[in-house]
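Notes follow once the structure below has been shown.
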Amino acid sequence: MRSLFLRIFLSFWAAQALFVVLAILATIALSPARHGIENEAPQILAEAVNAYQTGGERGAHDYEEELWRTQHVWAMVFDPSGHELAGRPGRPRMAGDARADGPAPDGPTLGGPLHHRGWIDKLLPERVIRKALTLDGKRYTLVLVLPPGPRVFFGPHEIPGLGITIAVITSGLMCYLLAWSMTSPVTRLRKAAQSLAAGDLSARTGAPASGRHDEMTELMRDFDRMAERIEGLVDSQSRLLKDVSHELRSPLARLSVALGLARQRAASELDPEVAPELESSLNRIELEADRLNQLIQRLLTISRLESGTDGIRKTKLSLRELVEQVAHDAEYETPGRGCRVTSQVDPPSGAADEFLVEADPDLLRSAVENVVRNATRYTAEGTTVEVRLERQLSATGEEIVVRVLDSGPGVPDDALQKIFEPFYRLDDARNRQTGGAGLGLSIADRAIKLHGGQLRASNRKEGGLEVEIRIPAATGFALPAYS
């Protein structure tokens, strides 16, 4: 069925028709067999009169008892004078007759000579059959009381309870199946969208390739085609980036060899007055070649990180020791700007507290280095870059937090998330002067995410940028009690 509207309409219609039919059939099936007994009324009358004529009241009594035992039908035959042939003045005892002593329902009564049989009028109307029949020129009244059947009516007004119950249950079941049929594709589509948004490019809804053609199924197929297209584009981009990076390394290697040969020739053959000028040019070529080589190495790193966690080898390591080493190396690399890089634990803790995490040592060190070096690159001259190490409790468990604070110009609020994108630059001229290619923070962001952490940036009130690294603590890590 191609239209979702038709599915809803026809399903609702079928549900209504189905529960009505089932209610009618069940009520008929569970009701006493009234019509069959009515057809046998002349025969019952003849047999009862014959038993009375043969054995008197006792014979009629035995016949009525036999009829009750065999067919569970109580019969009473009254002659024209109102005398019951079996001579019974009282009512029969029938198990399960819950209304025998209750109030008489509205409706005709036997009346006249049968008034003393008023207990009959207290029975449910569908259980009593009254027939006025003529036999041998005499008019007899036959009263048949059917056996008590299931209660198919509610209340004093005889509301059809069984029919209503079946109708409610059947319609509820059909509506449940209809709702499930409608929401199941939506649920699958939502889960696939969440997985795709989380970075799982292989997420699919699993829509059937053929068969159903309603709107929801077509939407699921469109989503799968979109996800497949996105995955193909991302894979192609990643392969292109990786291939180009590899291809560029060979010319760079040959350039480095040629540069070394040029230095040797300049030192041995050129005029000493010309050699310094040539040496300056060669140094510039070497600097640019090194920068290009670093750029290629970072592109390969991004390509490796985006391929997943297959190549990551995690081990338990001390984040405190790693941060102290990175801070020391960063300060050593920036002597000309008068900047300092300090590391501290906040709040102070004992020397035995190593802030253990489970991570790839080289990958995590690269992430922290990129963040710290970015801070030393843009902080004001003569200022201090602070690297603070602390731990916190979050909804997902214990986390170790590394905060890197500088005193630079900061970042516009609308660019705080963009600085973690590859090749994003706030100022091309400034990045050319500092040697940045816009890849350091992108590599750090991907590395931290592969360890189940987060990387966020915010502007400090006193000026400068604060970059926060959050990474889950190693198993067994516990927060101490502070005094």
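Here are some notes:
- Taking the numbered list (1) among the hydrophobic types (A, V, I, L, M, F, W, C); (2) open to solvent by 70 Å² or more (accessible area, probe 1.4 Å); (3) under 30 Å from residue 281 (Cβ atoms) in turn, residue 259 passes all entries but (2).
- Residue 381 vs. criteria assigned to a loop (DSSP other than H, G, I, E, B) and touching a residue at least 40 places away in the same chain (Cβ under 8 Å): yes
- Each residue in region 375-406 was checked for being under 17 Å from residue 416 (Cα atoms), at pLDDT 90 or above and open to solvent by 20 Å² or more (accessible area, probe 1.4 Å), and 1 pass.
- Enumeration of residues in region 183-197 that are within 24 Å of residue 450 (Cα to Cα) and at pLDDT below 85: 197
- Pairs linking a residue in region 246-261 that is in contact (Cβ under 8 Å) with a residue 24 or more places away in the chain to a residue that is in a helix (DSSP H, G or I) and not aliphatic (A, V, I, L, M), with Cβ atoms under 7 Å and 6 or more positions apart or on different chains, are 252/293; 259/286.
- Consider region 198-213 and keep the residues that are under 14 Å from residue 188 (Cβ atoms) and at pLDDT 75 or above. The one that is most open to solvent (accessible area, probe 1.4 Å) is 204.
- Looking only at residues of region 214-237 that are at pLDDT below 85 and open to solvent by 60 Å² or more (accessible area, probe 1.4 Å), we find that the one that is nearest to residue 12 (Cα to Cα) is 215.
- Subset tally (residues that are open to solvent by less than 80 Å² (accessible area, probe 1.4 Å), in a helix (DSSP H, G or I) and at pLDDT 75 or above) for region 24-56: 12
- In region 57-75, residue nearest to the chain's Cα centre (by Cα) [restricted to those that are in a helix (DSSP H, G or I) and buried (at least 16 other Cβ atoms within 10 Å of the Cβ)]: 71
- Candidates in region 425-483 are the residues that are in contact with a Phe, Trp or Tyr (Cβ under 7 Å, 6 or more places away or on another chain) and at pLDDT 80 or above; of these, the one that is surrounded by the most Cβ atoms within 10 Å (Cβ to Cβ) is 445.
The values are calculated or read from the model by the stated rules, or taken from the named source; none is laboratory data. Since this is a predicted model, take the numbers as computed values, not measurements. Cβ coordinates were reconstructed from backbone atoms using ideal geometry, including for glycine residues, and neighbour counts include every protein chain displayed. Surface areas here come from the heavy atoms of the whole protein model, side chains and all, with no ligands, DNA or RNA. Shrake-Rupley method; radii C 1.70, N 1.55, O 1.52, S 1.80 Å.
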